[in-house]
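Heads up: the structure comes next, in structure tokens.
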Amino acid sequence: RTLRGVVLAGEGESFCAGLGRRMFTEGVPGELPLSGMATLSDGDFDAAIAGFQHAFTCWRELDAIVIAAVQGHAIGAGFQLALGADMIVVADDAQFSMKETQLGLVPDLGGTHPLVAAVGYPRALEMCASGRRIGSAEAVSTGIALRSVAPAVLDAEVLSLADSFITALPEAVAETKHLLVSAIDSPPSEQVRQERLSQRRRIAHLASFLNP
């Protein structure tokens with residue numbers, strides 16, 4: 001069966017609280033602490049971060065539509081994970097924050113591109129440089145999130161949203177998703193070329209059923 005949708009959600013009261021200061025010295029089982037990464041060669045360091053980045057950015061490569069259901073805190077890495085989804089639905093108690101600069105770091109998990117695409121450069125810089133909390137209402141008004149609902153109905157709202165895509169043909173949705181992702185960076189001339197190529201594939205696919 002074709003995978004039509006994916007929901008990213010946290011277990012418990014918060015989506016993802018991100019890293020704490022202990023990550024500098026203790027890390028997590030099987031991984032170097034952040035301080036230990038300073039001893040890696042340039043190649044090993046780049047490979048390690050690239051692996052982390054892929055886990056946070058691979059969602060938009062899927063043909064399926066990916067929805068992040070965010071409740072409670074989405075801090076640092078948690079904020080970037082949510083930004084990796086195609087769309088975000090938040091509970092009214094959601095609190096986003098890019099805390100990396102407060103720890104002397106930078107956002108490095110693929111979150112800078114979708115954040116700037118959503119809110120624009122000046123506002124993205126202000127959010128990252130201040131590390132301040134961004135509530136659900138601001139997340140919706142700035143384009144980070146699609147909508148905000150009461151925490152008790154967040155799961156139902158996300159499932160209802162996912163169900164609204166079911167009537168469309170999955171191949172058409174996948175082509176459209178990838179077109180819109182490419183539109184963020186593509187110049188207009190290249191984007192309209194990609195539209196032509198996508199439509200050619202769609203018409204050829206449909207014609208194969210009409211004229212087997």
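The values are calculated or read from the model by the stated rules, or taken from the named source; none is laboratory data. If you're wondering where the values come from, they're calculated on a predicted model, not measured in any experiment. For accessibility, only protein heavy atoms count, side chains too; no ligands or nucleic acids. Shrake-Rupley method; radii C 1.70, N 1.55, O 1.52, S 1.80 Å.
Side notes on the structure shown:
- Looking at the chain, the DSSP beta bridges with both ends there are about 10 percent antiparallel.
- Degrees, to the nearest 10: 154-163 long Cα axis against longest axis of the chain: 30
- In the context of the full set of protein chains, segment 69-188 has a per residue accessible area of 45 Å² (1.4 Å probe).
- With DNA, RNA and ligands ignored, accessible area of Ser164 (1.4 Å probe; Å², nearest 10): 70
- Against the criterion of solvent-accessible heavy-atom surface with a 1.4 angstrom probe, Leu32, Leu180 sort, most first, into Leu180, Leu32.
- GNM on the chain, alpha-carbon springs under 10 angstrom: the most fluctuating residue among Phe96, Phe56, Phe45 is Phe45.
- Helix 170-183 axis, angle to the chain major axis (alpha carbon atoms, nearest 10°): 60
- Using the empirical formula 2.2 N^0.38 Å as the baseline, the Cα radius of gyration of the chain reaches a ratio of 1.14.
- Nearest-10 value in Å² for the accessible area of Arg133, using the 1.4 Å probe: 120
- Segment 39-96 - Rg over Rh from alpha carbon coordinates, Kirkwood radius: 1.11
- For the chain, with all protein chains in place and a probe radius of 1.4 Å, 59% of the accessible heavy-atom surface sits on carbon or sulfur.
- Contact order for the chain, expressed relative to its length and based on alpha carbon pairs under 8 Å spaced 6+ residues apart, stands at 20 percent.
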